[in-house]
Structures are given as C-alpha cells and as structure tokens.
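A short write-up of the structure that comes next.
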Amino acid sequence: CGFRLRRSAALPFRTLYTGFAPTSAIGAEFRRLVRVAEDTELVDDPKKAEARLEVLREQREREVVAFSTTGRPREYQLRLRFGFRVVDAQSRELLPPTELVLSRDITSTDIEVVAKQQEEELLFRDMQSDLVQQLLRRLAAIPRP
Amino acid sequence: LAQASAPDAGTQPLRLRFESRLGERKAAGGDALPVYGSGERLTGRTGRDSTLEGEAELRRAGTVLRADRITYYEADEEVFAVGNVRVNRDGNVFAGPQLRLRLDTSEGSFSSPGYYFPQYRGRGRAALIEFLGPSRTRFREASYTTCEPDDPDWILQARTLELDEEEGMGTGRSASLSFMGLKILALPAFAFPLGDERKSGFLPPTLAINSRTGLDVVVPYYWNIAPNRDFTLYPRLSTRRGAQFGGEFRYLEPRFSGQIDFEVNPSDLVTGESRHYYGLQHAFNGYAGWSGGWLVRGVSDDNYFIDYSRSILTAADRVLPQRFYASRVVGRDWSLLLDVQKWQPILDARPGPYERVPQMQLRQVKRDVAGFDIDTTLDATLFASPTPTGPQGWRMFGNTQVSWPIVRPGWSIVPKVSLHATAYQLDRNAGFETTLTRVVPTFSVDAGLVFERETRFFGRDTIQTLEPRLFYARTPYRDQSTFPVFDSATTDFSFAQLFSENTFVGHDRIADVNQLTAAAVSRMVEPSTGAERMRFAVGQRIYFSDQRVTLPGLPPVTDGKSDILLAAGGKFGQGMSFDTGLQYSLESSRIPRFSAVWRWLPREGQVLNVGTRYRREEIGQFDTSWRWPLSKRWMSMGRLNYSFLDSGRDPVSGIPNQRGIVESVLGLEYDACCWISRFVIQRYTTGVDTSTTAFFFQLELKGLGRIGSDPFDILRRNIPGFRVPDVTPGPTSRYFGYE
C-alpha cells in the first residue's frame, strides 16, 4: 500500500569529513555504509570537505533500572549517547548540535557479571548499527545549499 | 574603536584602529593610560593637581568615579574624593562619603562605604575598605549578603574580609553567620571561593540522620594541589559508628590519569573492629605502544556497604572488581590484550564469578578485503575457580568469522561463516576430562529489505518505513555436556539476540541451531529533519530442530517456535515519550516479560516518569519518579519503587520474593531568592527485612555555598531524565556593569 523500496538517502554533500575518534565503532560502521551506499566521498582532510560531521559526544552509559525485592540490581539499561553537528567548509552550521540516545535493557545478577559483559557488547553493537541508520537519515534531511 | 595601545602611542602618531574585542581588563594595569574627567567647575595647578566640583566624574579604563568633589594629584596619580562618592571598578560598585585611591596601582581606602558585587549578587557595608591592588580588596567590620538589603534573611559579618578576585578567593577573620536573625555559625577564620572555581579550603559540611550511622556530620576539606591534581579529605563523625576518614585523590597527566579513594574507620563503635573501603582507578596510554590500566575496589567486610551506604546503589554492590589490563597493537592490524580479572564477592554473591588469571587475547578485524569482512580472535585464559573444588584450568579458543556484506540503500544481505575451535586443559578437573577439545562451524545469512512510503501520522507529514528482516543460522550439534562452564550464561531474549547465532554468551557453549528469525521494524520519520518519531517492532524465531546444547540446570529448547517479541516506542509532542516491550508465549498464552515506561518533560527541570517492569518470577515492579514544582517557591522531587512480585525466588540468594517498597525518596526544596533549603527523606531495602532510612538537610545561602549534604547526587539516579540545573554563571558580558 504505497510502499516502495528505499532509494539512496543521497547525502546533500559531495565530500564529507567525519570527526570520529580513530577507534570509534560507530565511525567504522558509518564510513562503511557511506562508502557502499552513498555517492558522497569521505575525505581525510577537513579542509577539502564540503561538510564536516563533528562528533561532540560518544558515550556509553549503564544504569540500574530494577532491583530485586531484597535490593539487588536485577535489570540495567544500557544507553548509547551520540552528540554531533554538521558544518560546512566555512564552519557555518548546517545542522545544530543534535543528540541521539538509544537504549536497551539487560537483566543481570551479581554472579553473571563476566558473561553479561559480553552480552552488553552485543547490545551496544546492535545500538551502534541502529544509530548509524538514524544518523544517515538526519544527514540526508539537511537541505541542499 | 579603541585607542592604540601605549607602546604604539609612544613611537607613532596617535591614531585610532578597529578593535574587534572590547575587553574591560585589556587596558587595566598598564601605565600611561589616559584619565578623563568632567564636572561643573575645574580648578587646579598645572602639572600638580586638579579639582573637579559639582557632579564630578573621573574615568580611567575599568574604573568610573563620581563624587561631589574630586581632587586628582598628577604626580602619583592619586585621587581624593568627598561627598556621595561612588566607584565602579569592573562592575563592582562602592559608595560612601570619602575615598582615597591611587589610579596607577589601584591602592587606596574608602571610609564607611556600602558595596554591591553584581557578579555574585552580593552586597554589604563596611567600616573601611582598603584597595590593595587591581583585584584585591580588604573590608573591615564588614557585612555581606545576597539578600535584598533591608532586613536580609541571612547576613555574614566579619572583623576583616579579604577578597582576591585574581585568586577567586575570599578569606575572613572573626566571622559570624546569622540566619533569620539567629546566629548559626561563628568562625575565628574562614575561607570561601568566589564563584565556582577550584580552591583549597573547607567545603560546606554535610548533615544527615541515618538509621545505620545515626547523626552524621562530614566536614570535607578540599586541597587544590595543582591544576591537574587535587585531594579531598572527608573527616566524618557519626554517633553510632564513630570517627571515619575518607579521601579522594585525583590526578591527570598527559599519559595517565586516575583516582584513589579510601574510607577508614579505625574502630567502628558497633562492631568494635576496623573497617575500610578502597578504590583505585588508573588508565595509561602510550608507554612503548602499550595502553591499559587497573580498577581495584575492596572492602574490609561483607556489611561495609550496607552500614555506610548513602543510597541503594552503593548498598547494592556485591562483586568488587580487581582488574589489571594492558593492550597494544602488534604487527599491522592485530591487537593484543593482557587481562587479569579477580573479584571480591560479598554476602549473597558468593562464591562469585570465575577469575581470569590471566587472559591473553589476540584480535584482528579486517574490513572490506575484496568485499569480505574477516574477524579473528585467539584467546588463552587461565580460569581460577571461586570454590575450592570447582574445575579450573586453561581454556583456549580460536574463532574466525568471514562475512560478505552486500549493503544497498533498499536491501542488504550478509552471508557469514565462522569456525570456533576450543581446547580445555584443566589442572583441577573435578570430575571433568582433563583435556577437552571441540570444533564447531556456523553458517548464517542475514537479509533485510527497507520499504518507504509517504503518509500522514497524527496530522503530520511522515515517512513510514517497513523493514522486514530474515535471519537463518545453522550450527551442528556437538556434545558439550562434559565441558565446564567458566564465563557463559544464557542471553536475554531480545531483538539483538534474535539476530545472533549463539543463544549463549561466553565461549563454553556453542548452541546447536537450525533456526530462522523473522522480524519487522516500522519507523515513523519526520521528513524535514530525518528524526525518528515512532517505532514498532515484532519478531519471532522458528526452530527447525530441538536445541540440545544446554547450560547445567537449564532445560533444552524443544518448542517449534519461540515467544513473540513486540516493541513500541516514540515521542509525542509536549516532551512526552514512551517505550514498551513485551514477550508473549503462544504456547502458554502467557506474558513472561514486559516493560512500559512513559516520560514527560514539559520544560527544563520538570519531569515525570511512570513505568512498570515485569519478568516472570524474577522482577515485578512499579516505578515512578518526578521533579515537579508545587508553587512558585516549593519544588518536590522523589521516587517510589514498589515490587508487586510475591512468587518465585531471587536467582542468586534463593530468598523468596516479597511484596513491598524497594526504594522511596521524597525531596522538598524551598527557594527564597537568596537562600534555598532542601530536605530529603529516603528509605531503601538493603536485604531481607532490612532497610536504611536517611534524612538529609541542606541549606544553601546563595553566593556563599551550601551547608549540609548535597542531596542532588542521590536524586540524580533517582529521577531519570532529570539534570541538575547548571548553576555556573555564564561568561560576563563585555559591557557587564558598564556605566
């Protein structure tokens, strides 16, 4: 009913510089997706880029959201917080500082810490790919100059 | 426009140039600055002195002086003013009958003036003010308040008071503090920071009444050792536990940083024993290519956190880590990790998790090698059992995953093969074979489509997506019932888990699977911004064969189909958002797990959360928290967490679940313009039929710091979505206090 296959998001810049930390997993996934699915070229020199994606924050959080009746933590919320903005070559803001926050819940007991560390990693990876999708949609919505 | 600076003026003809920044302090301190004067009459002797009378005014960079009569002595740039004298120095205003001031050194004195510091909104009177330089001022017989001048609610009086704006520091002698006409504090000497800068000195004391510690007073001392190092000492006196010393040392260097915390009570009045806590945290980077650190925490005894905690979070600590780790890049793209991980388990968390002594891991992540992604992990870990009889020894595994991702905007398909080879060499086999090996291959395909359509949703233009996804995984069965379990557990049934090949985490069990996951996500995206407004998801897994690999004590999966997972979340207007998840069992028509959270942030500093979480036999609670204004001056905040579960047992301790309040916090805040008082009452469960009740009080005299503990750090956890209001004053305007 009106659905059609998604076409390229078509980022509104020909060249883009991304300011992710070298070890950022979000950055690796973002670059891969842009490389294979977009016409935009990623450049290493910020001066040569039509637009720059500035990473303001990339942070993992973990908070207890449920306790057992005896006051033991039983459920945690994992959050991935990503703040960014986009400026053009003249440092004019194309997209003001924006924050994307994703979360997943995970149950854990005190003695499962080691095993659950690995499950947390799995959930963070899941959030990372979701976040990259959302980030691409935000960038694609920037009006062309 | 500004005048050219003095050196230019000497060598070149005076001219005006464009000045992009007007800094009040830019010109201050320099010599040969011009002085401007005006008045109704001017008399004087050339080169010696001049006197302005009637509406007299004198200006020099940063300083404006007005009086009935001003005499200016040119030789030493001294000013003598009488009658309705008013001085504005960088926005700070002083007014009184008589002033003597040297303009070049900013030294002088002012008799019986009143003063106003707009930056701190502080005002007062003094018998005498001595200006000791551009930023130092000494007050004699002074008073100070941030309240309205007539009948102030609080007032600080001191024999001498010295403000050093350069150092951001105030010091005083023979001081007394009155609140509502009542003298509440008398100090022979004191120091306080101006603004929020880090300065050595006593911090506002903490006052609490706690059911575990009794009346509890902490008077912290902050030592600002260097810009990158500080130390806070927390002497603590409580009626039930006696004297305790705590400390926090923080350091920050280019290549390493960390923190050392400790708390020692040499003799607990209740137990008669010495009790302590310590925490060490350190991270380093760039030592011959190595980076790493450590995280070590420990307590003297099982009940330390229960007896000394301030909130349910610290009371809930059960497994304290002792971890040392280091990693580096080896060769071109391998990373090597060395890790030692031990634990101090306390109370019901005993015997605790397995220890890694040590773990050695090599990893390589290769992306886009002719379109392939290759991940390789080689790991050798010596596990030490937390019990004296449990199996322990080496476990080695190698895992290679090769995937070929084909990703297009509208679809993607990712085939993947992996091989997992494991060997155990046990030095205490506890009934297991001493040597065990296993090789397990896995194949999976992950395929997804993304459809879009333009539609209207709640009257707004929306792009709706529909993203169906299929995931097939196949791993053959290998009998692993004779293998020990060191670091493995079952994962939660979640969307992330639906798309992973192994239903276990850890490397002791590789699940035999022949299964297909079908899931779909639909998002509502705002076309103008690309922001996701709403999302719905559904997923289920079909098992083509029964899963036979299990963890000890858990039954094998024999259902043909998994439970159905449903999730919905999104944002409405007016700051409202919701997040719900539900697991539904077709077989039993039951709901083993659900959660629903609704949040409303109507404006900054105002939030309401309502939520419930349920997991059959394990968690069942209703949770609400808020920060809500009751009137112009009263604000309420709090949290109530009620557990409605009365069946099942705690999985760790085996204690039966009981209905009851797990945690309740109520806070009230009264804001009376120049002071704020906060009351927090808190009660939280620390075990079976045991709980802690605590009452905190804080009085904040605005512009002077807080008396009492800071209940905000408790409330921060307690009210999700709530952020402490930013009290740091913004940068002062260029024209701040300009006259």
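Grouping the Cα pair distances of the stretch B:607-700 into 5 Å bins from zero gives a pair-distance distribution of 3, 12, 19, 18, 15, 11, 9, 6, 4, 2, 1 percent in increasing distance order. Projecting the Cα atoms of A:Ser103, B:Thr455, B:Pro351 onto the charge dipole of the protein assembly as shown (Cβ charges, centred on the Cα centre) puts B:Thr455 farthest toward the positive pole. Averaging Cα coordinates gives a centre for the stretch B:69-108 and one for the stretch B:336-386; these two points are 72 Å apart. For the stretch B:478-525, accessible area lost to neighbouring protein chains reaches 30 Å² or more, against the chain alone with a 1.4 Å probe, at B:Asp487, B:Ala489, B:Asp492, B:Ala496, B:Val505, B:Arg523.
Comparing the full protein assembly with the isolated chain, the residues of the stretch A:1-45 losing at least 10 square angstrom of accessible surface (1.4 Å probe) are A:Cys1, A:Gly2, A:Phe3, A:Arg4, A:Leu5, A:Arg6, A:Ser8, A:Arg32, A:Leu33, A:Arg35, A:Val36, A:Ala37. Under the convention that each Lys and Arg Cβ holds +1 and each Asp and Glu Cβ holds -1, the size of the dipole of the protein assembly as shown around its Cα centre is about 1300 debye. The residues neighbouring B:Val365, those whose beta-carbon lies less than 15 Å from its own, together hold a net charge of +1 under the Lys/Arg +1, Asp/Glu -1 convention. For the stretch B:410-559, the pair-distance distribution built from all alpha carbon pairs, in bins 10 Å wide starting at 0, is 10, 31, 25, 17, 11, 4, 1 percent. A simple packing score, the average count of other Cβ atoms within 10 Å per residue, orders the peptides A:93-106, B:76-89 as B:76-89, A:93-106, with the highest score first. For the peptide A:60-67, the mean number of other protein chain Cβ atoms found within 10 angstrom of a residue's Cβ is 5. Per residue of chain A, the DSSP helices (runs of n ≥ 4 H) give a summed -39500 (n - 2.57) that works out to -10000 deg cm²/dmol at 222 nm. Note on the stretch B:86-145: Kirkwood hydrodynamic radius from all Cα pairs is 11.3 Å, rounded to one decimal. Averaged over the residues of peptide B:151-159, the number of Cβ atoms from other protein chains lying within 10 Å of each residue's Cβ is 0. Using only the C-alpha atoms, the convex hull of the stretch B:554-618 corresponds to 109 Å³ per residue. When the Cα atoms of the stretch B:483-538 are aligned to their principal axes, the ranges along those axes come out at 55, 23, 12 Å in descending order. Electrostatic tally near B:Leu378: other residues with Cβ closer than 13 Å to its Cβ, Lys and Arg +1, Asp and Glu -1, net 0.
Taking every protein chain into account, the accessible area of the stretch A:15-126 amounts to 43 square angstrom per residue (probe 1.4 Å). Cross-link partners of B:Lys366 among aspartates and glutamates, defined as those whose alpha carbon lies under 18 angstrom from its own and excluding same-chain residues fewer than eight positions apart: A:Glu29, B:Asp333, B:Asp375, B:Asp379. With q set to 0.06, 0.07 Å⁻¹, the log10 of I(q)/I(0) for chain B, from the Debye formula over equal scatterers at the Cα positions, is -0.59, -0.77. Ranked by the mean number of other Cβ atoms within 10 Å of their residues, highest first, the peptides B:624-634, B:546-556 come out as B:624-634, B:546-556.
Using the alpha-carbon positions of the stretch B:343-424, Rg (one decimal) and Dmax (whole number) come out as 18.7, 56 Å. Taken about its Cα centre, the stretch B:120-230 carries a charge dipole of about 300 debye when Lys and Arg each add +1 at the Cβ and Asp and Glu each add -1 at the Cβ. Per the Kirkwood formula applied to alpha carbons, the protein assembly as shown shows a radius of gyration over Rh ratio, Rg over Rh, of 1.03. Average accessible surface for chain B: 49 Å² per residue, computed with a 1.4 Å probe over protein heavy atoms with every protein chain in place.
Here's the picture: charge each Lys and Arg Cβ at +1 and each Asp and Glu Cβ at -1 in the protein assembly as shown, and of B:Leu582, B:Ser653, B:Leu187 the one pushed furthest to the positive end of that dipole is B:Leu582. Between helix A:113-140 and chain A there is an angle of about 30 degrees, using the helix long axis and the longest principal axis of the Cα atoms. For the stretch B:226-301, the gyration tensor built on C-alpha atoms gives an oblate shape. Its axis ratio a/c (a ≥ b ≥ c) is at least 1.5, and a/b is not larger than b/c.
Using the empirical formula 2.2 N^0.38 Å as the baseline, the Cα radius of gyration of the stretch B:289-379 reaches a ratio of 1.53.
For B:Arg69, the solvent-accessible surface computed with a 1.4 Å probe is close to 90 Å², ligands and nucleic acids excluded. Surface composition of chain B: carbon plus sulfur atoms hold 57% of the accessible area, using a 1.4 angstrom probe and ignoring ligands, DNA and RNA.
Computed from Cα atoms, the angle from the helix A:25-37 axis to the main principal axis of chain A rounds to 40 degrees. Roughly what percent of Cα-Cα pairs across the stretch A:24-145 reach past 21 Å? Tail of the P(r) past 21 Å holds 48 percent of the pairs. Counts of other chain beta carbons within 10 angstrom of each beta carbon in peptide B:356-367 average 1. The charge dipole of the stretch B:443-498, taken about its Cα centre with unit charges on the Cβ atoms of Lys, Arg (+1), Asp and Glu (-1) only, comes to about 160 debye. The ratio of the alpha-carbon radius of gyration of the stretch B:377-489 to the globular-protein estimate 2.2 N^0.38 Å is 1.68. Neighbours of A:Pro46 by Cβ distance under 12 Å: Lys/Arg scored +1, Asp/Glu scored -1, total -2.
On association of chains A and B, roughly 5300 Å² of accessible area becomes buried (total for both chains; probe 1.4 Å).
Starting from 0 in steps of 5 Å, tell me what percent of the Cα-Cα pairs of the stretch B:491-645 lands in each bin. For the stretch B:491-645, the pair-distance distribution reads 2, 8, 13, 15, 15, 14, 11, 9, 6, 4, 2, 1, 0, 0. Once the dipole of the protein assembly as shown is set up with Lys and Arg at +1 and Asp and Glu at -1 on Cβ about the Cα centre, which of B:Ala81, B:Ala208, B:Val513 lies farthest towards its positive end? Value: B:Val513. Per-residue ellipticity at 222 nm, computed for chain B from helices alone with -39500 (n - 2.57) per DSSP H run of at least four residues, works out to -500 deg cm²/dmol. Across the alpha-carbon atoms of the stretch A:1-58, the computed radius of gyration and Dmax are 13.2, 46 angstrom. Comparing the stretch B:40-197 with the 2.2 N^0.38 Å rule of thumb, its C-alpha radius of gyration ratio is 1.12 (two decimals).
The values are calculated or read from the model by the stated rules, or taken from the named source; none is laboratory data. The model shown is predicted, which means the values in this text are computed figures rather than measured ones. As a convention, Cβ positions derive from the backbone with ideal geometry for all residues, glycine included, and neighbour counts pool all protein chains shown. In case anyone asks, the SASA skips ligands and DNA or RNA and just uses the protein heavy atoms, side chains included. Shrake-Rupley method; radii C 1.70, N 1.55, O 1.52, S 1.80 Å.
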